[in-house]
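A quick write-up on the structure given underneath.
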Amino acid sequence: MSFTSPRRDLWLVVVAKSVSLLGDEVAAVALVLRLQSHGAQPIAIAALLIAAMLPLLLLAGIVGRLVDRYDSRVLLVVSSLAQGALCVLLAYTTDTGVVLGLVAALGAGQAVNGATWQALVPTIVGTEQLPKALGLAQAGTTIAGIAAPALAGLLTGLYGARVPLLLDAATFLAITAAGLLITTRRGSKVTGAARTKGGGLDIVRADPLLSILFPLLALFVLLGAMVNVVEVFLVRETLHASTTWYGIVGAAYGVGALVGTVLGARLRGNPALARAFVGSAVGLAVALAAFAGAPTVAWLLPVALAGGAANGVLNLTLGSLVMGRAAAEVRGRVGAVLNGVASGTQLAAFALAGLLAAVLTPREIFVAAGVSGLLAPMLFARRLIHAAAASQAPTQVRVPA
């Protein structure tokens, strides 16, 4: 990143992704509040969450091939303009069925947009500088994620849901501008690179490192999303704390994630990244179990900071290993599978949490998540670190046509 153009392109990506996440989070909170205020039942809120994430799972194969085949600039500009238009329609729509349809269409656009960004960043900076670049991008989105709920609540309280949704539409214009200004481009029709046969799942299964990382990704997304569902009950009902404390604990976790991202960005080389992944997975699992043992809500603050830091390192090392391992011509497919696995597992976690909450207390669910999280890295650590040290890349592996 010593050249002006790559550094400029990276900063455009960081700003665009951060602004986009801020807008998306503000819009999501506004939509939930609007549905609730209009008398919608909890099933409608669940349907909203499902509509947003399901396209990332269902369209992973199609999106991956699009991202690897077509000009990244065209994909970013077209998907962003389409999402901006959909947000404008959402701002003036209150019918629940229409809202769900528009949110699903937004999810399809996000699937294209997200996979394009993921594949573009390694092209901009190269694999050696990828942890630093992803750390910068992750820090920006973490800060945006911390600020978004407060901004959403403020804007929705003052103006209703329309202004937050129009704000989200404006953020897509920022992504469009970034897509036009970034000089680095990818896609086989731009680079002339040979098209590698095989879908994203074929590529992942054929690689010894990716085939371990993706199941571990699914496990920790499952555990994280599952405890997120019951965390409010642990804080509010088990520990009898206020809503303010619930917000403080969440903020502490976000601050910890930011610290972990900054620390993880210093790592270099796949073996170091793999060891940090294992260590952060163990740390996150211990933090989940420690949540269950907190006697008062104040005890959750250091635990949340530590757990957030472990989560920040985990996310950064995972992204660096996956996108650094994937060859340039298949990064779109691998990135789309990454998003699809994360979204599909999160949907499964919501259902699993509901079932477990009927028979277990919040403390018991946190303990179960912590124990499960400890077993996986302990069982797979040796294989993961060995695979990370190997030089074989996905393009050197035969995949089905």
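The values are calculated or read from the model by the stated rules, or taken from the named source; none is laboratory data. Because the structure is predicted, anything quoted here is derived from the model rather than measured. We place every Cβ from the backbone using ideal geometry, glycine too, and count neighbours over all the protein chains shown. All accessible areas refer to the heavy atoms of the entire protein, side chains included, with ligands and DNA or RNA removed. Shrake-Rupley method; radii C 1.70, N 1.55, O 1.52, S 1.80 Å.
Scoring Ile45 on the criteria (1) of a type outside the set (Gly, Ala, Ser); (2) touching a helix residue (DSSP H, G or I) at 6+ places or on another chain (Cβ under 7 Å); (3) crowded, with 18+ Cβ neighbours inside 10 Å leaves a single failure, condition (3). Looking at Pro164, Pro122, can you tell me which residue is under 30 Å from Ala389 (Cβ atoms) and modelled with pLDDT of 85 or more? After ruling out the rest, the residue left standing is Pro122. Residues of region 203-252 that are of a type in the set (Asp, Glu) and either closer than 19 Å to Ala309 by Cβ or touching a helix residue (DSSP H, G or I) at 6+ places or on another chain (Cβ under 7 Å) (or both): Asp207, Glu231. Given the structure, is Gly101 assigned to a helix (DSSP H, G or I), among the small types (Gly, Ala, Ser) and either buried (at least 21 other Cβ atoms within 10 Å of the Cβ) or touching a residue at least 60 places away in the same chain (Cβ under 8 Å) (or both)? No, not satisfied.
Starting from residues that are over 15 Å from the mean Cα position of the chain (by Cα) and open to solvent by less than 30 Å² (accessible area, probe 1.4 Å), keep the ones in region 128-147 and report whichever is farthest from Val262 (Cα to Cα). Checked region 128-147; the qualifying residue farthest from Val262 (Cα to Cα) is Leu130.
In the set Val88, Val77, Val13, which member is open to solvent by less than 10 Å² (accessible area, probe 1.4 Å) and at pLDDT 85 or above?
On the way: Val88 fails: open to solvent by less than 10 Å² (accessible area, probe 1.4 Å); Val77 fails: open to solvent by less than 10 Å² (accessible area, probe 1.4 Å).
Testing whether each residue is open to solvent by less than 10 Å² (accessible area, probe 1.4 Å) and at pLDDT 85 or above leaves just Val13.
Looking at Val227, Val232, Val204, just one residue is part of a helix (DSSP H, G or I), at pLDDT 85 or above and out of contact with any His (no Cβ under 8 Å at 6 or more places or on another chain), and that residue is Val227.
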